[in-house]
Amino acid sequence: MTNGDVLIRARDLALGYGPDPVVRGVHLEIRAGEYWFLVGLNGTGKTTFVRSLFDLVPPAGGTLWIDPERAGRERVGFVPQRCALNPSLPTTVRELVVLGLVGLTLSTAERKDRLATALAEVGLGGREHHDYWSLSGGQRQRVLLARALVRRPNVLVLDEPETGLDPAAEERLLDLLAQINRERGVTLLSVSHDLENVRRYASHVALFRDGTIHAGPVAEVLTHANLERTYGVPFGESSPSGGSAKPFGESSKPFGESSKPFGESSKPFGGSSPGGRS
């Protein structure tokens with residue numbers, strides 16, 4: 001995989017659940033090795049777009065092309081906000097992580113190797129027999145990341161993975177994701193409400209507003225003017241020309257409420273798949 005290869009392409013894409021599209025006129029290309037953040041107020045179509053990547057919402061218009069070899073079901077991992085399993089059900093780290101292998105045909109030796117490698121990658125090597133519910137919040141989220149990484153994906157989709165974590169755990173998780181993106185070339189698509197994290201980590205951003213998506217490199221899209229149009233609150237002074245604006249880079253507060261978790265299912269996307277609407 002080389003940086004610059006298109007994995008996902010939308011052309012005049014419209015998505016929705018009835019006669020009125022939730023998003024429309026979407027034009028974007030997501031390439032190998034890019035780090036995308038999907039941001040905007042709740043109800044603007046972020047979850048709908050993510051669901052379309054998993055064939056859960058068919059296009060209502062236009063086209064959505066996903067590279068079948070490099071971004072198909074077997075090469076995509078998904079990380080939800082939190083584990084949807086019942087906390088009263090005893091679950092080991094191993095039992096949870098191997099759910100990410102659903103749909104893959106592997107030998108016993110390959111399964112063991114992938115489990116050990118994924119846990120080591122998230123800093124939890126040797127903890128496969130620990131009770132998942134005995135771990136800290138940050139460790140639990142890294143187990144969910146390991147469940148996605150065990151698929152050895154080319155694309156990793158995340159639903160606000162930092163939600164509910166303390167600042168230290170949040171920074172460790174986000175730095176780990178950036179390292180995976182940088183060193184392994186995994187393409188990341190993360191739903192987020194924290195604009196400071198977007199500014200810090202993103203290579204590209206998609207702003208969802210009023211049924212449309214403004215997408216592109218972070219320096220071009222994440223401007224004060226675009227953010228004011230998206231959120232309806234001041235983000236600083238625009239440039240004198242009135243057409244462009246200064247890049248965003250001051251606020252460290254998240255905007256909007258945390259969206260509902262996509263949910264979990266038995267579909268083979270690392271043990272869970274997106275659900276609900278945003």
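May I ask you to say which residue of L38, L53 is modelled with pLDDT under 95, at negative phi, under 18 Å from the mean Cα position of the chain (by Cα) and not basic (K, R)?
L53
Restricting to segment 18-60, give me the number of residues that are part of a strand (DSSP E or B) and acidic (D, E).
So the answer is 1.
Looking at (1) within 17 Å of R152 (Cα to Cα); (2) touching a residue at least 60 places away in the same chain (Cβ under 8 Å); (3) among the basic types (K, R), can you tell me which one K46 breaks?
Among (1) within 17 Å of R152 (Cα to Cα); (2) touching a residue at least 60 places away in the same chain (Cβ under 8 Å); (3) among the basic types (K, R), K46 violates only (1).
Any idea which of L89, L104, L96 is under 13 Å from V143 (Cβ atoms) and either at pLDDT below 95 or outside any loop (DSSP other than H, G, I, E, B) (or both)?
L96
For segment 7-51, name all the residues that are touching a His at 6+ places or on another chain (Cβ under 8 Å) and surrounded by 17 or more Cβ atoms within 10 Å (Cβ to Cβ).
A10, L13, I30, E34, Y35, W36, F37, V39
Mind listing whichever residues of segment 141-162 are part of a loop (DSSP other than H, G, I, E, B) and touching a helix residue (DSSP H, G or I) at 6+ places or on another chain (Cβ under 8 Å)?
Once the filter is applied, which keeps residues that are part of a loop (DSSP other than H, G, I, E, B) and touching a helix residue (DSSP H, G or I) at 6+ places or on another chain (Cβ under 8 Å), segment 141-162 yields V150, R151, R152, P153, N154, P161, E162.
Determine, yes or no, whether G62 is in contact with a helix residue (DSSP H, G or I) (Cβ under 8 Å, 6 or more places away or on another chain) and in contact (Cβ under 8 Å) with a residue 40 or more places away in the chain.
No.
What are the residues in segment 57-94 that are crowded, with 17+ Cβ neighbours inside 10 Å, touching a Pro at 6+ places or on another chain (Cβ under 8 Å) and of a type in the set (A, V, I, L, M, F, W, C), if any?
Those that are crowded, with 17+ Cβ neighbours inside 10 Å, touching a Pro at 6+ places or on another chain (Cβ under 8 Å) and of a type in the set (A, V, I, L, M, F, W, C): A60, V76, F78, V79.
Which helices (runs of 4 or more DSSP H) sit wholly inside segment 164-278 and have at least 2 residues that are within 18 Å of W36 (Cα to Cα), within 16 Å of the chain's Cα centre (by Cα) and at pLDDT 90 or above?
The helices (runs of 4 or more DSSP H) meeting that bar are 167-184, 195-201.
Please tell me if E69 is among the charged types (D, E, K, R), modelled with pLDDT under 95, under 21 Å from the mean Cα position of the chain (by Cα) and not in a loop (DSSP other than H, G, I, E, B).
Criteria not met by E69.
Could you give every pair whose Cβ atoms fall below 7 Å, whose first residue belongs to segment 115-141 and is farther than 11 Å from L96 by Cα, and whose second residue is aliphatic (A, V, I, L, M) and in a loop (DSSP other than H, G, I, E, B), counting only separations of at least 6 or pairs across chains?
A118/V150; G137/L165; G138/L165; Q139/L124; Q141/L165
Look through T117, T92 and report the one residue that is more than 20 Å from G211 (Cα to Cα), over 23 Å from the mean Cα position of the chain (by Cα) and hydroxyl-bearing (S, T, Y).
Result of the check over T117, T92: T92.
Kindly indicate whether any position in segment 63-71 is within 21 Å of L145 (Cα to Cα) and out of contact with any Phe, Trp or Tyr (no Cβ under 9 Å at 6 or more places or on another chain).
Yes: segment 63-71 contains one or more residues that are within 21 Å of L145 (Cα to Cα) and out of contact with any Phe, Trp or Tyr (no Cβ under 9 Å at 6 or more places or on another chain).
The values are calculated or read from the model by the stated rules, or taken from the named source; none is laboratory data. Computed from a predicted structure; not experimentally measured. Using ideal geometry, Cβ is built from the backbone for each residue, glycine included, and neighbour counts are taken over all protein chains shown.
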